[in-house]
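*Asks:* Provided herewith is a single structure, encoded as structure tokens, for subsequent inquiry.
The values are calculated or read from the model by the stated rules, or taken from the named source; none is laboratory data. Given the structure is predicted, the values throughout are model-derived calculations rather than measurements. Cβ coordinates were reconstructed from backbone atoms using ideal geometry, including for glycine residues, and neighbour counts include every protein chain displayed. We work out accessible area using only protein heavy atoms, side chains counted, and drop any ligands, DNA or RNA first. Shrake-Rupley method; radii C 1.70, N 1.55, O 1.52, S 1.80 Å.
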Amino acid sequence: MTSTETRMAGRLGDSPLRPDGTLKVTGEFAYSSDLWHDDMVWGVTLRSPHPSARIRAIDLTDALRVPGVSAILTAKDVPGENAVGLEHLDTPALADGVVRYQGEPVALVAADHPETARRAAARIVVDYEVLPAVTDPRTALDPDTPWVHADHDNLVRDLRIRRGDPSPTAPVVVSLDFEVGMQDQAFLGPESGLAVPDGEGGVDLYVATQWLHVDQGQVCRVLGLPPEQVRLTLAGVGGAFGGREDLSMHVHACLLALHTGKPVKMSYARDESFFGHVHRHPAWLRYEFGARETGELVYAKADILFDGGAYASSTPAVVGNGGTLGLGPYRIPNVHVDARGVYTNNPTCGAMRGFGCVQAAFAHEALMDELADRIGMDRVEIRALNGMVEGDLTITGQVVDSAAPVAELIRTVRDLPLPAEPAGERDIRELPGGASNTTHGEGVRRGIGYAVTYKNVGFSEGFDDYSTARVRLEVVGGEPVATVHTAAAEVGQGLITIEQQICRTELGVEQVVVHPKDTTVGSGGSTSASRQTYVTGGAVKAACEAVRASVLRRASEALGRAELRLDGEKIVAAGGEVVASLAEVLTDPVEETVEWRHRPTYPIDPETGQGNAHVQYAFSAHRAVVDVDVELGLVKVVALDTAQDVGRALNPDAVVGQIQGGSAQGMGLALMEEIVVQDGIVKNPSFTDYLIPTILDMPPMQVKVLEYADPHAPYGVRGVGEPPTISSGPAVAAAIRAATGKPLRRVPVRPEHITF
Amino acid sequence: MRPFAYDRPDTAAAAVAAVADRPDAAFLGGGTNLVDHLRLGIADPGLLVDVTSLTSTEIVDIDGGLRIGAGVTNADLAADPRVRARLPVLAAALLSGASGQLRNMATTGGNPLQRTRCPYFQDPASACNKRVPGSGCAAIGGATRNHAILGASEHCIATHPSDMAVALAALDTQVRILGPDGGRTLAFTDLHRLPGDTPEQDTELAHGELITAIDVSYPRGRHAYRKVRDRASYAFALVSVAAVLDVVDGTVLDARIALGGVAHTPWRAVRAEDTLRGGPATEEAFAAAAEAELADARPQPGFDGGNAFKIPLARRTLTATLRQTTPRETA
């Protein structure tokens, strides 16, 4: 008998149906805001109306009289340490004597109905002494600016990169200043969850998040409980994009649950959600390129300022990425970069898809166009000329040791078919303004823009970045079934499908159960930095390999044969003879748990910024074609085509989905998305006033996926989720510049910037 | 939100009496604006009187036009064949407003009464003379890119958000009103008021007066509604223009023009109409009409860059709309 490879749907390289796909499309998927428990009470948060104030007193008398209220908690009710934070523990779970941004949580109310809780919260009297607010990050470091935190100046992180000639000169010098507005993640599922006390002093928290274990650690600290007593389970996540890396209602619901002894549900309203999570850092960027007359970059200088808002959140990492990656995917011998993140009393800013790189890319890509124009060179070819290739050094002196196809990517998008040139009577839906009859094409000019960018994948600068996978193989009803258990958060990107595909491929079984994501298995690390397919994928692969080895060892012992291998659901000898079925060998389940790490990264030198900071780089390019009504200032993106190296597309449909979604988000920042903050106060906390692109704003996309496997990564994968968010916006901005001739040194670009 | 009573009388007259009786009572129609305001703490009526089933949901023919019941939804009105054929400016304005879901709820009587989307009005923590008379106007010097360029006062620079109302202002529209003392009719262009020193009062309706129907006459001429906004759908107008131009042999016999997004009211462009009427339908005439209408336009400076751009934007949108409402051979 010879073995036959049974081709099974849903392996790596296929695009099987997502287990959550149909439910989401039909509206049946249970999101965290749908959680329910008998006898639960509702928690609400009282927030500061002021961006900077001292709390003189809090009077709960009237609020406690509201019938139905079961608890009201303030900072003094925090049993453990009143401090959370992703990188610095600088954020109180509840404000203690001072508030540092509009919307900072001050008190919690639990009641039998959310409206009752809100009414009670409105009766809490907080005596604020309003203080001057630090709202201009550009003067945050001035000596006479007050400190946002009494024990720390307003500098969160200062990163410098010094490489090559400290005083370089070049025959061609171009420079610019750029400004990037504050973008919101705009996920649709509000911050929500359910905390259930266990009656023994502990609590189970069901919550939508990006990293269960880092949440668990923070919740434990505030509650003063060990991890065994604070168990987290991932609830249905309605989008994340970095906005769920920091805690929102996690600790609050647990505090109320432990205090009342009842399950507590919290679910933010839409306007509250704008205060419930961090945003993308606004940035001010000053760039200078020096180049030869033939186009080769001689040097680059950058000065980048990020407004971190009231608390540190991910600002150190954002500064890290903005600094180490902020000159783009180019070969630059002489480098001078200063990147800083500062505290202000503006909304806290932190993680959002592509952070650090998104802001910088607008500047370096605008300047690259400027350089090309100055020396009379093609905008694509100047990028191909200067683009990194494998073996080049980054500006931190790290060798790029896998594919860096910058020239191929940018030329690929250039060579994709262009949309038809407009001719004759046009369908107004294809014109700027769309179906609202805004224009019939009178003042419409077409422009084309290009951008190429890169991003680190995974956590950097020496972070111990790992994931844990537990894989179990057993026979159920005569069929072998694999169960994969990780704590890595599925936030909509498709990780659970990837986990199934890996198990099917490695173990040859068809049925793969994805165990609910919780903290009864080791950390999966964060669903961010485009890292889960790489790192948790690596962990699942390793766990499968361990399971396979155990199964074969067991088979060898039982059958007295060596050199066995698994082929589909058969145990096969070296000669190809089928010696047993998997089901025959699996009399008892086999289970293995593996903690898996990617190659280490290292901190950068504090003086020179040199070092092997990153584990992998992911590259992408976009070509945007826009029609701009130059009389009205309106933009219609006609095409947004892209090429991206994904190493290996384990799930091609998911790859394209990530690229399309990421491109839309980048385009949104270029065209319309901005949280308007005046004196520390958010002016547009709603989806009526904070605009994100709709399907009418989004053009069809041509997506060209390159697969240059990274030999250092499992299956050769390269992170996919973030690069499209980075290169799409700068390409759109460049296309608008091409159509209008305007410099456009700020995003989002609004009609008044284009036309008037 | 504070507790409120809810009443559902049997007749419009009873509803009017119920609201007139209590200074803190309000009519509840489709609720697309008022319910938001209850949640935001902008409005806190002590009594809501539900009128959703008390006014007509019919669109009936009247001499030379239509009578639109106050209960007709925006969706039904936009889809009505007579509206589409004879009042296309109204159909277009309706369809460019809000979303399909909102248009299914919003009513003919309620839409023109929706309140401004000024962010300072929307935020109970901000000073706003419209919300709290005498408290000041935080919008002045603030984020003003969506604010008024025409008819603003030192007390209020808000704009009216409705698209439908811009079309109704351009048309010959009468508002049928039921009050505690009986019925009356008001020209639509007299319904809304400029802010002056009483911006808290959006309209000339007295407390307790209920819009029961809106009469619209069919105009002669070509219709167009243009809306300029920050994205292709689901956004308020930066500037919009409703125009009906009756051009015969190159001469403008009649012009009906209104602007949206520029003033506290749907802005009837009387000066532009006067400039055009009786003259040639030419580019020069359109430019002169726009110039005349916007002669008194004043930009609002703001920390966000202000709204000066709206003046040329309004001019260009107006001339483009006039061009579109003119037969090609004469333009």
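*Asks:* If you check B:265, B:251, which single one turns out to be open to solvent by 30 Å² or more (accessible area, probe 1.4 Å) and not assigned by TED's automatic domain parsing to the domain that holds residue B:15?
*Replies:* The match here is B:251.
*Asks:* Given B:244, B:270, which one is of a type in the set (A, V, I, L, M, F, W, C), at pLDDT 95 or above and open to solvent by less than 20 Å² (accessible area, probe 1.4 Å)?
*Replies:* B:244
*Asks:* Does residue B:10 satisfy the condition of being at pLDDT 95 or above and not β-branched (Val, Ile, Thr)? It would help to see each step written out before you state the result.
*Replies:* Numbers: at pLDDT 95 or above: yes; not β-branched (Val, Ile, Thr): yes.
Considered against the rule, which asks whether it is at pLDDT 95 or above and not β-branched (Val, Ile, Thr), residue B:10 comes out as yes.
*Asks:* If you don't mind, another one. Just for the range B:213-239: of the residues that are open to solvent by 30 Å² or more (accessible area, probe 1.4 Å) and within 17 Å of the chain's Cα centre (by Cα), which one is nearest to the other protein chains (Cβ to nearest Cβ)?
*Replies:* Only one residue fits best here, namely B:234.
*Asks:* On the given criteria, is residue A:432 farther than 30 Å from residue A:708 by Cβ and either within 12 Å of another protein chain (Cβ to nearest Cβ) or in contact with a Pro (Cβ under 7 Å, 6 or more places away or on another chain) (or both)?
*Replies:* yes
*Asks:* Continuing with this model, one more query. In the range A:413-444, how many residues are surrounded by 20 or more Cβ atoms within 10 Å (Cβ to Cβ) and of a type outside the set (Lys, Arg)?
*Replies:* Number of matching residues: 10.
*Asks:* Only one of A:594, A:590, A:628 is in contact with a helix residue (DSSP H, G or I) (Cβ under 7 Å, 6 or more places away or on another chain) and buried (at least 24 other Cβ atoms within 10 Å of the Cβ); which?
*Replies:* Details: A:594 fails: buried (at least 24 other Cβ atoms within 10 Å of the Cβ); A:590 fails: buried (at least 24 other Cβ atoms within 10 Å of the Cβ).
Residue meeting the stated conditions: A:628.
*Asks:* If you don't mind, there's one more thing I want to ask. For the range A:659-681, name all the residues that are more than 9 Å from chain B (Cβ to nearest Cβ) and over 22 Å from the mean Cα position of the chain (by Cα).
*Replies:* The answer is A:677, A:680.
*Asks:* Here are some residues: A:613, A:621, A:654. Which one is in a strand (DSSP E or B), away from chain B (no Cβ under 14 Å) and buried (at least 20 other Cβ atoms within 10 Å of the Cβ)?
*Replies:* A:621
*Asks:* Same structure, new question: Which one of A:91, A:26, A:74 is in contact with a Phe, Trp or Tyr (Cβ under 8 Å, 6 or more places away or on another chain) and within 25 Å of residue A:207 (Cβ to Cβ)?
*Replies:* Values: A:26 fails: in contact with a Phe, Trp or Tyr (Cβ under 8 Å, 6 or more places away or on another chain); A:74 fails: in contact with a Phe, Trp or Tyr (Cβ under 8 Å, 6 or more places away or on another chain).
Matching residue, one of A:91, A:26, A:74: A:91.
*Asks:* What strands (runs of 3 or more DSSP E), lying completely within the range B:13-74, carry at least 1 residues that are more than 22 Å from the chain's Cα centre (by Cα)?
*Replies:* B:25-28, B:47-50, B:59-62
*Asks:* Is it the case, given these coordinates, that residue A:694 is touching a Phe, Trp or Tyr at 6+ places or on another chain (Cβ under 7 Å) and facing chain B (nearest Cβ under 10 Å)?
*Replies:* Working: touching a Phe, Trp or Tyr at 6+ places or on another chain (Cβ under 7 Å): yes; facing chain B (nearest Cβ under 10 Å): yes.
Yes.
*Asks:* Provide a single number: the residues in the range B:200-212 that are open to solvent by 40 Å² or more (accessible area, probe 1.4 Å) and within 24 Å of residue B:87 (Cα to Cα).
*Replies:* 0
*Asks:* I'm trying to understand the selection: among the residues of the range B:107-130, which are among the hydrophobic types (A, V, I, L, M, F, W, C) and more than 14 Å from chain A (Cβ to nearest Cβ)?
*Replies:* B:113
*Asks:* For the range A:555-593, what are the residues that are hydroxyl-bearing (Ser, Thr, Tyr) and not in a loop (DSSP other than H, G, I, E, B)?
*Replies:* Those that are hydroxyl-bearing (Ser, Thr, Tyr) and not in a loop (DSSP other than H, G, I, E, B): A:556, A:581, A:593.
*Asks:* Name every residue in the range A:682-734 that is among the polar types (S, T, N, Q), surrounded by 24 or more Cβ atoms within 10 Å (Cβ to Cβ) and closer than 30 Å to residue A:11 by Cβ, in order of residue number.
*Replies:* Selection gives A:725 alone.
*Asks:* In the range A:333-359, what count of residues is obtained for those that are in a loop (DSSP other than H, G, I, E, B) and surrounded by fewer than 24 Cβ atoms within 10 Å (Cβ to Cβ)? Spell out the reasoning first.
*Replies:* First, the residues of the range A:333-359 that are in a loop (DSSP other than H, G, I, E, B): A:333, A:344-348, A:350-356.
If we keep only those that are surrounded by fewer than 24 Cβ atoms within 10 Å (Cβ to Cβ) as well, we get A:333.
Final tally of qualifying residues: 1.
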